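This report refers to the structure that appears directly beneath it.
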Amino acid sequence: MQRRDCIKLLAGAALLPRLHAFSQTAAPIDLHLTPQPAPHYVLTHDDEAFLDDMERRACLFFIEQASPNTGQVLDRAAATQTPLNLPAKIDPRPMASIAATGFGLTALSIADKRNYFPHAQLIEQVRRTLRFHAHKLPNVHGFFYHFNHVETGERIAHNEVSSIDTALLLCGVLTARAHFSSDAEIHDLATLIYNRVDWPWMLNGGTTFSMGWHPESGFLSARWERYCELMMIYLLAIGSPTHPVDPSSWNAWTRQTIHYDGLTFISGNDPLFTHQFSQAFFDFRNKRDRYANYFANSITATRAHEAFCLSLGKPYSPDYWGISASDYAHGYTAWGGPDAEGKGFGPIDGSVVPNATAGSLPFVPETCLRVQRALKANYGDKAWGRYGFCDAFHPQANYYDPDVLGIDQGISLVQAENLRTSFVWETFARNPEVPIALQRAGFHTT
C-alpha cells in the first residue's frame, strides 16, 4: 500500500467515540486526561555525542538528497553505508516530497546554527528552494501537490494537492524565514509562499479542512476532522495575515480519547507520529486550550505506546520498541498501537521503527534516548548508515530497510534538536503569525 493511502485510511476512520465541537465561548472541557509532569532529564556527554552525530547525518541527507537546481528534497533515498568522508550522489529515483522539503528547510536552519556546513552554502540552498517554490513549482490556491519531479516540478502520477503536506512545507518555510531573518530575499519569498495560501478554499464549504484536491475529480471527501497531526493546518490557517479562517475552526475537529494501561489521552487509531509532527514546530509546553495540554498528551501517548509494544513480548523489550508509519518488508504501512480497544493495527511483525522514539525525544527523553542508543549499539552495523538509521528493521527476519525516508529523518532531526536546545520551537515562534494563531485558538499559559 502507498503511504498516502495508508494515512488517508486511518484519518478517515471513525472508530472512536466522538467529542462534539464546542463554540468558541464554551467553558473548558475536562477529558480526564492523565496529568504528566514536564521532563527534567539532563543529557549526558554521551547523549550529546550520539544526538550530534544523528543530527549531522540527517542534515547531510537534506543537503545531498535535494536537487541542486530546485532545492526539492527526495521522498526517499538509499540508506547507503558510504562513509562521511566520501562523496555521495543524489538517489536516481526522482520523486520529491513537499513535506520532506519542509523538513529540509528546517534542517538547513539547524545545520547553520550548529555550523555543520558553510553558512554561504546553506543560505544559498534556502534561497534556491524558496525561489523555486515561490515562482516555478505549480500550486493551486497556494497549495502544492504532495509529490513532484525533483528537477522539473512536474506532478508525479495522479497524486493530490495536499493540505497536510503543504502545511509541513510551510512550517519549514517559516522556520527558515525566522532563522535567516537578516536576508531580505528569504524573508520576502517565504512571506509570499505563506501569504498566498487560500485556506478558506480548502475548507470546501465546510468547517473542517479537506485532505486535498485532484484536478480530475475535485476535493477529497476525507477531512481533517479528528485529532491527529492536523493541528498545524488549523493554526497556520487561523494565523494567516491574508486568508485566515475563523478561529472557531479550532473547535470543529473532535478530540476522542483512548484509555490504556491506566493512561487516558487524546488519540485516534493512528501511528505515533500523529503526536509528533505538529508538536515539532508549535511549542505546546506550558500551554493549554480548553481541552488539553497537548505536550503532556504526547508524553502520555508515548508512554502508552511503549507499554503496548512491551505487551507484545519478544522481540520487543525496554531497549527495542517503537512502531510508527514506515516501510516494512512488504511495502509501506501505517501501523502501531494501542487503538481504542487496546490492540495493535497493521501487520506488526517484530520490526522496530527508529523514528518512533526519535520523534518523542522531547516528551520522554530518558526512555527514548535509551532505545535510540541501544538500537545503534546493537544493530548499527546494518541499521545505521550515512544518514543515520534506515527507516525500519527486523533483525530476527534479517530485514533492514534499504531506504531512508525524508519525513522520518526530518522528525527525528527536529525533535532531537528541540530536546537539546528548543531551537526549532523558539525559532518558529518568532514568526508573528504563530503567537497570534495560538491566542486566537484559545491557548493560555499554565
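Ranking Phe282, Leu192, Ile411 by how far each Cα lies toward the positive end of the dipole of the range 3-445 (charges on Cβ) leaves Leu192 at the top. Relative to the Cα centre, the charge distribution of the range 3-445, modelled as +1 at Lys and Arg Cβ and -1 at Asp and Glu Cβ, gives a dipole magnitude of about 380 debye.
The orientation-averaged projection of the convex hull spanning the C-alpha atoms of the range 405-445 amounts to 3.7 square nanometres.
Taking a ≥ b ≥ c as the square roots of the eigenvalues of the alpha-carbon gyration tensor, the range 328-402 is classed oblate because a/c is 1.5 or more while a/b is no larger than b/c. Across the range 122-139, coupling constants 3J(HN,Hα) worked out from phi with the 6.51/-1.76/1.60 Karplus curve, θ = phi - 60°, read 5, 5, 6, 5, 4, 4, 4, 5, 5, 4, 5, 6, 7, 10, 10, 5, x, 9 Hz, and Gly and Pro carry x. Charge dipole of the range 340-417 (Cα centre as origin; +1 on each Lys and Arg Cβ, -1 on each Asp and Glu Cβ, all else neutral): 240 debye, rounded to the nearest 20. Taking every alpha-carbon pair within the range 124-282, the share separated by more than 26 Å comes to 31 percent. Only lysines eight or more places from Lys89 in sequence, or on another chain, were considered; those with a Cα closer than 22 Å are Lys382. Kirkwood radius for the range 107-211, taken over all pairs of different Cα atoms as the inverse mean of 1/r, rounds to 14.7 Å. Spatial offset of the range 313-328 relative to the range 123-147 amounts to 36 Å, using the alpha carbon center of each. By the beta-carbon count within 10 Å of each Cβ, the least crowded to most crowded order of Ile193, Ile156, fewest first, is Ile156, Ile193. The alpha carbon radius of gyration of the range 16-159, expressed as a multiple of 2.2 N^0.38 Å, is 1.40. Its DSSP H runs of at least 4 residues, each contributing -39,500 (n - 2.57), put the calculated 222 nm mean residue ellipticity of the chain at -12500 deg cm²/dmol, to the nearest 500.
Dividing the C-alpha radius of gyration of the range 260-388 by 2.2 N^0.38 Å, with N its residue count, gives 1.04.
In plain terms, if you count all Cα to Cα distances in the range 300-367 and split them into 5 Å steps from zero, the share in each step is 3, 18, 31, 27, 16, 4, 0 percent. Along its three principal directions, the equivalent ellipsoid of the chain from the Cα gyration tensor extends over semi-axes of 28, 28, 21 Å, largest first.
Over 23 Å apart at the Cα level, from the set Lys287/Lys376; Lys314/Lys376; Lys287/Lys343, are Lys287/Lys376; Lys287/Lys343. When Rg and the Kirkwood Rh are both derived from Cα coordinates, the Rg/Rh ratio for the range 238-326 amounts to 1.05.
Where a number appears in this text, it was derived from the coordinates with a stated rule and is not lab data. Remember, predicted model here, so these are calculated numbers, not experimental data. As a convention, Cβ positions derive from the backbone with ideal geometry for all residues, glycine included, and neighbour counts pool all protein chains shown.
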